[in-house]
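Visitor: Provided herewith is a single structure, encoded as structure tokens, for subsequent inquiry.
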Amino acid sequence: MLTTTKKTDIRSLDLPQLQQHFIAMQEPSYRAKQVYQWLWEKSARTFEEMSNLSKDLRKKLTENYAINVVEVNNSQFSNDHTIKNTFKLYDGNIVEGVLIPMEERMTACVSSQVGCSLTCKFCATGYMDRKRNLNADEIYDQVVLIDQQAKKNYNAPLTNIVYMGMGEPLLNYANVLKSIDRITSPDGLNMSYKRITVSTAGIAKMIKKLGDDGVKFNLAISLHAANDKKRNEIMPINEQNSLKALEEALKYYFSKTKNPVTYEYIVFNHFNDEIEDAMELAKFCKHVPCKVNLIEYNPIQFADFLNAEGDKIDAFSNYLKSQGVNTNIRRSRGKDIDAACGQLAVKEQN
């Protein structure tokens, strides 16, 4: 009876583990450091690219290890220069990533899960089942591929990364933090923590864990309503993570990190766009130092929500500013393509 040995995902190994593997292969441990450099600093996609290794070693690595690279499956180019991608994973699953070019920055929006378990009513990803978490290297690959797109199409490197694509990052905690380590490390992509934002729907106990771990990246909360009744209606997670629990977690997080937070607030037509809603949000903003991004909505086929009228958004913003809340309006990007989170992946999975 024939048996096949599954290849080890080489990027699942940290450097000490990789060195132990090389010793077991009767190879000098310094070779492990060379391979590690190829994988994380130079973003090598095959062992054949590792030109300072002998042919025999490259052959041995190819026979025993896998580099489970992520590939661009499809790209849509918007008139506003946004590029929406679907990425194919080694197992055939599809996730999304977006390049958002602006005058002052180049931002990559990356996914952390295949699908999502949170079922937010306004989000296309919320209508997909969560199939699995992404590994750290799969998140890292999205950043590398989007950076290549930025350089190729706009002659500029990435400046910012937001974990705001498919999935809930704090439900893939270990892999998200490992990916950020590889992205920020001098022996990785060497980007600044301050250029990275992780967005969560509000998992209170995991926000506290971020505080305990003393994270240096930015934290954004997908809030979208500042009273429990409305938030329960559009975000079922609020039933177990109420605004009071979120308030306590954010106070704890801030006490540990001294990092202000960002509240993401999609302004929906005739749902959360009145001055009364703005008053509730301003009150919630008093708990910890923060800023608010008011976001125009990209409608999806699964939901009946529409973007609020422009004058309503302006009035909402002006009220928050009158209460001393740092407020920005984020205009919708990629309106002419499948730009809403999960929209393109849903189409390609079906």
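The values are calculated or read from the model by the stated rules, or taken from the named source; none is laboratory data. In this text, all values refer to a predicted model and were calculated from it rather than measured experimentally. We place every Cβ from the backbone using ideal geometry, glycine too, and count neighbours over all the protein chains shown. Heavy atoms of the whole protein, side chains included, go into the accessibility calculation; ligands, DNA and RNA do not. Shrake-Rupley method; radii C 1.70, N 1.55, O 1.52, S 1.80 Å.
Visitor: Given the condition among the aromatic types (Phe, Trp, Tyr), more than 29 Å from Gly97 (Cα to Cα) and open to solvent by 30 Å² or more (accessible area, probe 1.4 Å), answer yes or no: does some residue in region 307-326 qualify?
Guide: Within region 307-326, one or more residues are among the aromatic types (Phe, Trp, Tyr), more than 29 Å from Gly97 (Cα to Cα) and open to solvent by 30 Å² or more (accessible area, probe 1.4 Å).
Visitor: Does Cys123 qualify as being out of contact with any helix residue (DSSP H, G or I) (no Cβ under 7 Å at 6 or more places or on another chain), under 23 Å from Ala249 (Cβ atoms) and open to solvent by less than 50 Å² (accessible area, probe 1.4 Å)?
Guide: Spelling it out, Cys123 is indeed out of contact with any helix residue (DSSP H, G or I) (no Cβ under 7 Å at 6 or more places or on another chain), under 23 Å from Ala249 (Cβ atoms) and open to solvent by less than 50 Å² (accessible area, probe 1.4 Å).
Visitor: Right, next: Mind checking which pairs have a first residue in region 234-245 that is free of Cβ contacts under 8 Å to residues at least 60 places away in the same chain and a second that is not in a loop (DSSP other than H, G, I, E, B) and not aliphatic (A, V, I, L, M), Cβ under 8 Å, 6 or more apart or different chains?
Guide: Filtered contacts from region 234-245: Asn238/Asp228; Asn238/Arg231; Asn238/Asn232; Glu239/Asn232; Ser242/Asp228; Leu243/Asp228; Leu243/Arg231; Leu243/Phe284.
Visitor: Among the residues of region 112-168, write down those that are within 18 Å of Met235 (Cβ to Cβ) and part of a helix (DSSP H, G or I).
Guide: Thr125, Gly126, Tyr127
Visitor: How many residues are at positive phi, free of Cβ contacts under 8 Å to residues at least 60 places away in the same chain and of a type in the set (S, T, N, Q) if we restrict to region 75-133?
Guide: Within region 75-133, residues that are at positive phi, free of Cβ contacts under 8 Å to residues at least 60 places away in the same chain and of a type in the set (S, T, N, Q) number 0.
Visitor: Working carefully through the options Ala245, Ala220, Ala249, Ala225, find the one that is open to solvent by less than 20 Å² (accessible area, probe 1.4 Å), in a helix (DSSP H, G or I) and small (Gly, Ala, Ser).
Guide: Ala249 is the lone residue from the list that is open to solvent by less than 20 Å² (accessible area, probe 1.4 Å), in a helix (DSSP H, G or I) and small (Gly, Ala, Ser).
Visitor: Of everything in region 141-192, what is open to solvent by less than 50 Å² (accessible area, probe 1.4 Å), aromatic (Phe, Trp, Tyr) and in contact (Cβ under 8 Å) with a residue 60 or more places away in the chain? Give them in sequence order.
Guide: Hits for region 141-192: nothing passes.
Visitor: Please pick out the residue among Lys256, Lys291 that is at pLDDT 95 or above, more than 19 Å from Thr107 (Cβ to Cβ) and out of contact with any His (no Cβ under 9 Å at 6 or more places or on another chain).
Guide: Lys256
Visitor: Of the residues in region 267-292, how many are part of a helix (DSSP H, G or I), open to solvent by less than 30 Å² (accessible area, probe 1.4 Å), more than 19 Å from Leu306 (Cα to Cα) and of a type outside the set (Phe, Trp, Tyr)?
Guide: The number of residues fulfilling the criteria is 2.
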